[in-house]
Amino acid sequence: MTIIYIDPDQSEIWLESSTSANKVVRLALTSMTWCNLLVKDIEQTTVFGENTRKTLRKNSLNIVNVYFTPALPVDDCSDVMASPASFRSTIVESFILDTPSYGEKLPQLRESLGFELPEAPFPGDDNEVKAAYVRHAALSTAFQEIKKEQNVFEAGRPFFTYIFLFVQIGMFFLLEMNGGSQNFHTLIKYGAKYNPLIEDGEWWRLFLPMFLHIGLLHLLTNSLSLYYIGTAVERIYGNVRFILIYLFAGFLGFLASFVFNTSLSAGASGAIFGCFGALLYFGLLQPKIFFRTMGYNIILLVVINLGIGFTLAVVDNSGHIGGLIGGFLAAAIVRTPREAKKLTTQVPALAATAAIVWALISKGY
């Protein structure tokens with residue numbers, strides 16, 4: 001299980017199950033002297049659980065709420081514990097494990113949790129010492145797992161993202177000073193994608209257009225997208241892998257545009273969609289981390305942008321789709337630093353990439 005919340009004094013811990021998509025376990029070390037205190041705490045747990053469900057972006061959430069207490073409340077709480085509490089899409093099933101009846105209540109709790117638990121407390125006179133040791137070991141392991149997840153986003157500090165931003169902004173000013181970034185002849189002169197010249201052998205027009213932009217709005221939207229998406233990809237894949245992903249995605253985007261779109265085009269959109277593709281591939285490698293951090297937002301952005309591309313004729317959606325596929329395949333080839341030595345996807349990705357590039361070049365020429 002993964003820690004999603006821990007109280008500063010370690011009297012309350014929330015854990016997310018790794019085997020059940022919508023189960024969370026709350027462990028609370030407390031002394032419930034009266035039933036009304038228990039009712040109030042369960043109500044607060046359901047509200048906090050509903051907020052946690054929204055944070056984790058789950059359709060529903062089942063919380064196993066376990067109280068560890070020296071003794072049961074003075075008054076009768078059997079009716080409170082008889083049925084689960086609920087709030088919107090969150091259901092809370094509560095258990096009280098008091099010291100005298102700890103062993104008797106374990107089977108029911110074990111059934112609800114779905115995994116084995118110790119049958120009884122530590123034997124002997126040094127229970128507190130042993131419990132403290134086990135607690136420390138468990139927390140240490142949990143924090144190591146959290147650190148391992150954080151390291152996923154520390155493969156490289158953003159550097160080449162800023163280089164690409166600097167280059168495309170510099171190229172924009174160069175276009176503006178030599179006829180304008182929306183001037184047809186200026187764009188062709190400085191390398192925009194123009195099918196007749198590519199057919200004549202100017203293959204470099206499949207690379208250079210990713211650094212050219214048509215108008216200030218085009219530059220601003222792509223620069224903002226690159227700043228936010230590019231830095232995420234560079235942190236996950238590292239500097240060198242990011243360069244390969246970005247450039248290949250841009251190339252495949254313009255190659256697809258060359259085949260399916262006869263209009264003049266330019267811009268970093270295909271390469272940026274390649275960054276989306278790389279993040280989607282990361283989602284296949286690390287689905288839990290992906291959906292807990294950025295996953296739903298990335299998928300939503302891809303769907304929205306592709307939808308806009310299909311509705312607006314001025315948008316080169318073939319380039320976007322080509323870039324998305326190119327980024328996904330490039331990420332599958334280079335993989336993240338943690339997965340680099342595993343060849344499970346590299347060979348199929350290389351074969352698919354070669355087949356797609358060959359097919360597009362053959363059709364284009």
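The table below gives the values:
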quantity: Selection count, the stretch 307-363, where residues are among the hydrophobic types (A, V, I, L, M, F, W, C) and closer than 15 Å to Leu279 by Cβ; calculated: 8
quantity: Considering residues of the stretch 57-113 that are touching a residue at least 24 places away in the same chain (Cβ under 8 Å) and of a type in the set (Phe, Trp, Tyr) only, the residue farthest from Gly295 (Cα to Cα); calculated: Phe68
quantity: Val39 vs. criteria touching a helix residue (DSSP H, G or I) at 6+ places or on another chain (Cβ under 8 Å), of a type in the set (A, V, I, L, M, F, W, C) and within 17 Å of Gln108 (Cα to Cα); calculated: no
quantity: Selection count where residues are crowded, with 20+ Cβ neighbours inside 10 Å, in a helix (DSSP H, G or I) and either among the hydrophobic types (A, V, I, L, M, F, W, C) or within 27 Å of the chain's Cα centre (by Cα) (or both), scope the stretch 241-268; calculated: 14
quantity: So Ala351, is it assigned by TED's automatic domain parsing to the domain that holds Thr161 and in a helix (DSSP H, G or I); calculated: yes
quantity: Filter pass, Ser265 being among the hydroxyl-bearing types (Ser, Thr, Tyr) and in contact with a Pro (Cβ under 7 Å, 6 or more places away or on another chain); calculated: yes
quantity: Residue that is more than 18 Å from Ala352 (Cβ to Cβ) and either in contact with a Phe, Trp or Tyr (Cβ under 9 Å, 6 or more places away or on another chain) or part of a helix (DSSP H, G or I) (or both), where the choices are Val302, Val315; calculated: Val302
quantity: Qualifying positions in the stretch 18-46 - at pLDDT 85 or above, loosely packed, with under 14 Cβ neighbours inside 10 Å and farther than 14 Å from Val80 by Cα; calculated: Gln44
quantity: Matching residues in the stretch 228-276 - criterion: being touching a residue at least 12 places away in the same chain (Cβ under 8 Å), among the hydroxyl-bearing types (Ser, Thr, Tyr) and farther than 17 Å from Met171 by Cα; calculated: Thr231, Tyr237, Tyr246, Ser257, Thr262, Ser263
quantity: Which numbered condition Ala354 misses (of (1) in contact (Cβ under 8 Å) with a residue 24 or more places away in the chain; (2) under 21 Å from Phe260 (Cα atoms); (3) not acidic (Asp, Glu)); calculated: (1)
quantity: Boolean, Ile96 is at pLDDT 90 or above and not hydroxyl-bearing (Ser, Thr, Tyr); calculated: no
quantity: Residue that is over 24 Å from Leu324 (Cβ atoms) and among the β-branched types (Val, Ile, Thr), where the choices are Ile229, Ile245, Ile214, Ile188; calculated: Ile188
quantity: Residue within the stretch 28-35 that is aromatic (Phe, Trp, Tyr), in contact (Cβ under 8 Å) with a residue 40 or more places away in the chain and out of contact with any helix residue (DSSP H, G or I) (no Cβ under 8 Å at 6 or more places or on another chain) present; calculated: yes
quantity: Cβ pairs under 8 Å, 6+ apart, first in the stretch 147-174 and touching a residue at least 40 places away in the same chain (Cβ under 8 Å) and surrounded by 14 or more Cβ atoms within 10 Å (Cβ to Cβ), second outside any helix (DSSP H, G or I) and of a type in the set (Phe, Trp, Tyr); calculated: Met171/Tyr190
quantity: Conditions (1) farther than 24 Å from Asn151 by Cα; (2) without any contact (Cβ under 8 Å) to a residue 40 or more places away in the chain; (3) within 22 Å of the chain's Cα centre (by Cα); number of the one not met by His185; calculated: (3)
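Residues are listed down the side, and each one gets a yes or a no for (1) more than 24 Å from the chain's Cα centre (by Cα); (2) within 22 Å of Phe258 (Cβ to Cβ); (3) surrounded by 16 or more Cβ atoms within 10 Å (Cβ to Cβ):
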residue: Tyr296; (1), (2), (3): no, no, no
residue: Leu301; (1), (2), (3): no, no, yes
residue: Gly307; (1), (2), (3): no, no, no
residue: Phe310; (1), (2), (3): yes, yes, no
residue: Asp316; (1), (2), (3): yes, yes, yes
residue: Ala332; (1), (2), (3): no, no, yes
residue: Thr336; (1), (2), (3): no, no, yes
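The values are calculated or read from the model by the stated rules, or taken from the named source; none is laboratory data. Note that the structure is a prediction, hence the values are computed from the model and not measured. We place every Cβ from the backbone using ideal geometry, glycine too, and count neighbours over all the protein chains shown.
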